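Contents: one structure, followed by commentary.
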Amino acid sequence: MIITDRSVYRQIAAELADQADAEAAAHHPQLGRACAELGLAYLAFETAPMSNAHVAKAWQAAEDARQSLGYGTAVGCGSDTARARLHLALAELDETDLGPTT
């Protein structure tokens, strides 16, 4: 289970948006897109059911993707971002099927 202030997700997403804009301005469309896609994944944490095991997996995948971007490469970022989004979607489906977890 992840316990954190939900505003941290918006902060990370905003940082990624700034990075996406900078990469686009520098004519690095792959890095810009990778930043934007990852930012959208972080925004999904805002409403994710934090007690779901898939959310922890999503967080690890998102952090792996962010680490790739920190190295200035989109290699691996796309697959890690996709894994994060998949786990977030599975957590949401679990929540819909089972109702809120406490």
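The values are calculated or read from the model by the stated rules, or taken from the named source; none is laboratory data. Source: prediction; values computed, not measured. Note: accessible area is taken over every heavy atom of the protein model, side chains too, but ligands, DNA and RNA are not part of it. Shrake-Rupley method; radii C 1.70, N 1.55, O 1.52, S 1.80 Å.
Numbers for the structure displayed
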| read-out | value |
| --- | --- |
| Average accessible area per residue (Å²) across the chain - probe 1.4 Å, nucleic acids and ligands excluded | 59 Å² |
| Surface share of carbon and sulfur [accessible, 1.4 angstrom probe, percent] for the chain | 57 percent |
| Rg/Rg_ref, the chain, where Rg_ref = 2.2 N^0.38 Å and atoms are Cα | 1.08 |
| In degrees, nearest ten, helix 77-98 long axis to first principal axis of the chain (Cα) | 20 degrees |
| Rounded to whole Hz, the Karplus (6.51, -1.76, 1.60) HN-Hα couplings of segment 15-28, x for glycine and proline | 5, 5, 5, 4, 5, 4, 4, 5, 5, 5, 5, 8, 6, 10 |
